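What follows is a short report on a single structure.
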Amino acid sequence: MTLPATARYRSLGAWLMPGFLALFLLAFFFFPIGGMLIGCFTNDGSALGTTSIAQHMGHPLYLESLTNSIAVALSAAILAAGFALPVALILWRFRLHPPLILELCGFLPLFIPPFMLSLSLQSLLGRGGALGLLVAPIDLDPTLWGLSGVILIEAIHYFPLVLITLLLSTSAFARQADEAARLGNSWWRLTTRVFLPLGWPGLAFGMAITFLKTLDDLATPLSLGITNLLAPQAYFRVFSYGSQDPLSSLMAVSMMVISAFVWILSIVFVRQGSTWYSTTMSHGERTDGQRRHVAFALLAAIVLFYLLCYSGMLLTSVAGIWSHSVLPESFTFDHYLSALETETVSFANTLIYCGIAAGIDVLIGTAMANAIRKSPTRWGKHLTWLAIGLLSVPGVALAIAYLQFFHGMRLPILDLPLDSTGFLLPMAFAIRGLPFALRACTFARHSLPDAYVEAADLSGASRTAIFFRIVLPTMAFGLLMAFVISFGIAAVDLSSAMLLVPSETDAPVSYTIYLNTQTSTGRGTGSALAILAIGFISVVIVAAVALIRRRRRPVSGLKRALFLGNPIR
Amino acid sequence: MTFLARLLCLSVLCLHAVIGYAESTVVVASPFPKELLSAYKRAFDEQSPDFRVEFVNFPGANIISYLRDRAPGSRPDVFWASSPDAFNGLKRYDLLLPITELAKPEIPDSMGKLALNDPAGFYLGQALAGYGVMWNKRYLESRNLLPPRTWEELALPRYFGHIIMSSPSRSSTTHLIVESILQGKGWDDGWTLIMKIAANCATITERTFDVPNSITRGRFGLGPVVDFLALSGKYSGFPVDFAYASPSVVTPASIGLIKGTRNPEGAKAFIAFTLSKAGQRLLLLPEIGRLPILPSLYETEDRPADFPKLIDITRSSLPNYAPTVSESRYQLVAALFDQMITFRHARLVSVSKTLLAAERRLGADAPREAATLLGEARTLIYRVPVSERDVAQVPKTRGTRQSRAIAVQEAEWARQRDQDLRTAIGKIERATRLLKPTP
């Protein structure tokens, strides 16, 4: 039986997207990662075997970096959870849901690289000025804290994220809990019986993200002079001995294995927490004045603490001469001018790289969401886990795999080597952002009822009309969110950028900030750039708040888009 | 259909633009700071209508492995750096093209004993670079410290925790300083001195620029740097100063054309620009503070006050510094430094601290055995477990095989180093127990 022409055309179209999707994943994920794994298990004579890997595993430095990395990432996750639990409990106890804008700020750690906090604290607490000089005989310089410095900085950085995930997962039964308490249940009982079980999924998710991001973080340990961790070691070795270095592959593979393990563990926890209860508490719900004040004071204290932490960077960005004095001797806006004058290209690069990556993510995310929706449940689940599993691939590992796999390959027509163009960077970003984008796209796909499309189809509307009149308008918000999230995550992905950036003029803004804070005459320009970048993100957040307010379906959409462990079906 | 045709036209146009762009771009690999590179980019792009320049920020220490890793046609066009070892290596591995025709008659081939241009014309001197110690005046004054004049003085206990330096595996400047100490004092004594200085360091930084950066900011007191990084801070108004330390070495910062360049014309235009009077004058900008190689510029009126004199710079050169020796063991010295110092820095500092504390308690009437134990511990802490000859014998193959060989070697060094530090701690503890009765 032959199909009519239109049906054939349609079936071709139906195969096009999945084909593109499969090709993309094969070329930019499975082949490079597989190649690296095979390389790892290859002996000197290029035969498969474990002699070489066993030899390198005994390297004292490898063992030390491995244990340090696990210890640092684990401690950072536990510490962030330790900070977040009491705060979340108090807010839950007082039934205060933070205002939407603060809630969105909770996701900021995903969009700001943590090394900025490290640099700011160095200005603030270092021997050279500000608080560090005020308390002079006591030496607070973060460089001297060793591994605990990395732990503390990562924990402070990811605390808002853990807090917000906890709040989102516990907020459902706050009022009922309050009423139960009035009926005479002790708060201790409510905490252990209601708050903690409700909070598990959120906590597990927040802690897993903190763990994965800390493990993968390259710039923060380097800015503190810490080298005995897997990511910096692998980075050093790639630069000293080239991408084919066996020890750096081993380190990259180890990071992947640890990440995957932690990720699976967290999924078990998230799923044990069964479903997410949809938020029943509306924003700014009234509680008694006294308790509200306490809760608000707590939130204000947290905001102030973060402002203080970043004040070092703000001061540096306006400081003229600032050398071994509590405050700068002179103030200037020159750093901002020079940042705008010479570094605008890095903003443009960020737009290009991250825009391409986010575009790819939206395309692939939509295709995947569509496939998940249309396929049998089991397959859909597998596809979801596959995409989410991408999250557990550390940026450093992915970048090393790319450098090895695409080594010596050239772009057709232009005849340029692949790794000296910016081509690989958006691909790595796209892979890294895909799990997040998929969530948002699934959410977007969810908001499009199949019945509408079928009805339009039956009444004879053309595919283009259906697409532009029905599909796009209903999905626009979700897709926009997918784009913004994927863009933001790519923009701060320093771990892959530091290895894949082809030239300084081609660097995205996060890497330019990193480079600019390392000039010989102070960190002014870098700090100014960082402040500009944070300003830009704030504008995006305010815009997002406005947009969400207009849609009046605030938290659930955001929440459902961001929590990856819970497949939306 | 017309839409498709238009799209096709547009993409062809775009492609054409991109190809044209690739042809007009000169890619320069250089470890120099952003201020310097941006100044040259602005000036060169302005005066040359046909070409524009782009920079790859590259630690000079890694250029050889980077270029050998890539096929001709996929390499940057120009390499521009201070490290003579890197240029020697590039020449040895046949990675440079001769550029004799670009040499300027106003620039001499040598100053005193110092050869400025490669005799075979594979690279040309572009600026002068001397090495020494930079310090923050306020930081030292507030702690009643005097600035050091020699590398040995940096190893004195009074500077403990106040020094900052980088690693030779990441910074070609530091590599040169380390190598000049090794050649000036001999392998074993040189390493001992380097380890003592490193034990005085608060931290070992990832990049060269973090050293001057932390000093201008007053976070740390002093550190070994190349002159221009200190001078640019000084001329920008920071309370920092700099002195050439002895034994010191002066080297020309050179520029060369990489073999396998995609854009030889543009690359040559850029090299010629850096050697021209306009290009040389850029070096005098306060935020750059480099020493030009064009002798006439040392007489101009607009150079910064107390700019170093040419005669002082060339006089301080180490008489028998051999770039070939340095180049032959380049990666190994860097790897050894990382295994002995960078990756063991926290432990090195804490062991040194304990040793210093124990030695301070060592009075004239202390038991002889305690003094002997501490002496032995000192030797163990500051010794390098490999001889110069052993290092020369590490196989020099290429690619994966070599990095495998080095990785195996490194593991051995690291184990030996851990063993040494453990033994040293044991000895110090025994000595402290012996010292205990005397208050």
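The values are calculated or read from the model by the stated rules, or taken from the named source; none is laboratory data. Everything quoted here is computed from the prediction, not taken from an experiment. We place every Cβ from the backbone using ideal geometry, glycine too, and count neighbours over all the protein chains shown. Areas reflect the complete protein model, heavy atoms only, side chains present, ligands, DNA and RNA absent. Shrake-Rupley method; radii C 1.70, N 1.55, O 1.52, S 1.80 Å.
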Q | Residue (of A:50, A:160, B:243) at the positive-pole extreme of the protein assembly as shown, dipole from beta-carbon charges | A | A:160
Q: Could you pull out every residue, at least 5 positions away or on a different chain, whose amide H is within less than 5 Å of the one on residue B:166? Hs are placed 1.01 Å off N in the peptide plane, and Pro or chain starts have none.
A: B:205
Q. To the nearest 500 deg cm²/dmol, what mean residue ellipticity at 222 nm is calculated for the protein assembly as shown from DSSP H runs of n ≥ 4 alone, each contributing -39,500 (n - 2.57), summed and divided by the residues?
A. -19500 deg cm²/dmol
Q: State which entries of B:113/B:268; B:91/B:259; B:34/B:277; A:213/B:34 exceed 18 angstrom in Cα-Cα distance in the structure shown.
A: B:113/B:268; B:34/B:277; A:213/B:34
(Q) Which residue fluctuates most in the GNM of chain B (Cα springs below 10 Å): B:46, B:54, B:265? (A) B:46
Q. Ignoring any ligand, DNA or RNA, what whole percent of the accessible area of the protein assembly as shown comes from carbon and sulfur when the probe is 1.4 angstrom?
A. 65
Q. Between residue B:301 and residue A:264, how many nm apart are label points set 7 Å from Cα along the C-beta direction?
A. 7.7
**Q.** Helix axis angle, B:172-185 relative to chain B longest principal axis, alpha carbon, degrees
**A.** 50
Q) Normalised by the number of residues in chain A, what is the relative contact order in percent for Cα pairs under 8 Å and 6+ residues apart? A) 20
(Q) If I take the Cα coordinates of the stretch A:285-413 and project them onto the principal axes, what are the three extents in Å, biggest first? (A) 62, 59, 24
Q: Before anything else, pin down the relative contact order of the stretch B:242-363: Cα pairs under 8 Å, at least 6 apart, normalised by residue count, whole percent.
A: 26
Q.
Just to check, using Stokes-Einstein with a Kirkwood Rh over alpha carbon pairs, what's the diffusion coefficient of chain B at 4 °C and 1.567 mPa s in µm²/s?
A. 55
Q: Find the eigenvalues of the gyration tensor of the Cα atoms of the stretch A:110-211, then list the square roots of 5 times those eigenvalues as equivalent ellipsoid semi-axes, largest first, in whole angstrom.
A: 38, 16, 11
Q | Fluctuation leader among B:295, B:212, B:49 - chain B, Gaussian network, Cα springs under 10 angstrom | A | B:49
Q | For residue B:55, residues with placed amide H under 5 Å, excluding near neighbours | A | A:504, A:505, B:28
Q. Between residue B:188 and residue B:369, 0.36 nm times their residue separation minus their Cα-Cα distance comes to what?
A. 62.6 nm
Q: Can you tell me the FRET efficiency between residue A:545 and residue A:38 if r is taken as the Cβ-Cβ distance and R0 is 56 Å, rounded to the nearest 0.05?
A: 0.70
**Q.** Mean shadow area of chain A over all directions, Cα convex hull, nm²
**A.** 31.7
Q: Name the residue farthest towards the positive end of the dipole of the stretch A:324-444 from the options A:340, A:325, A:421, assuming +1 on Cβ of Lys and Arg, -1 on Cβ of Asp and Glu, about the Cα centre.
A: A:421
(Q) Of the candidates B:34, B:427, B:91, which one comes out as most mobile in a Gaussian network treatment of chain B with C-alpha springs shorter than 10 Å? (A) B:34
(Q) For the interface of B with A, what's the total buried accessible surface in square angstrom, probe 1.4 angstrom, rounded to the nearest hundred? (A) 5900
Q | In nm, spacing of pseudo-spin labels at residue A:472 and residue A:16 (7 Å Cα→C-beta vector) | A | 1.5
Q. By how many nm would the segment from residue A:176 to residue A:51 lengthen if fully extended, with 0.36 nm per residue of separation less the alpha-carbon distance?
A. 38.9 nm
Q. Over the stretch B:63-172, what is the mean sequence separation of C-alpha contacts under 8 Å (at least six apart), divided by residue count, expressed as relative contact order in percent?
A. 18
Q. Rg and Dmax of the protein assembly as shown, Cα atoms, in Å?
A. 30.1, 108
Q | Relative compactness, the stretch A:473-543, computed as alpha-carbon Rg over 2.2 N^0.38 Å | A | 1.33
Q | Rounded to 10°, Cα long-axis angle of helix B:399-435 versus longest principal axis of chain B | A | 30
Q) Using the Karplus equation 6.51 cos²θ - 1.76 cosθ + 1.60 (θ = phi - 60°), what ³J(HN,Hα) coupling, rounded to whole Hz, does each residue of the stretch A:441-456 give in order, writing x for Gly and Pro? A) 5, 4, 4, 5, 4, 5, 7, 10, x, 4, 4, 4, 5, 4, 4, 5
Q | Stretch gain in nm, segment residue A:188-residue A:332, where the contour uses 0.36 nm per residue and the Cα spacing is subtracted | A | 46.5 nm
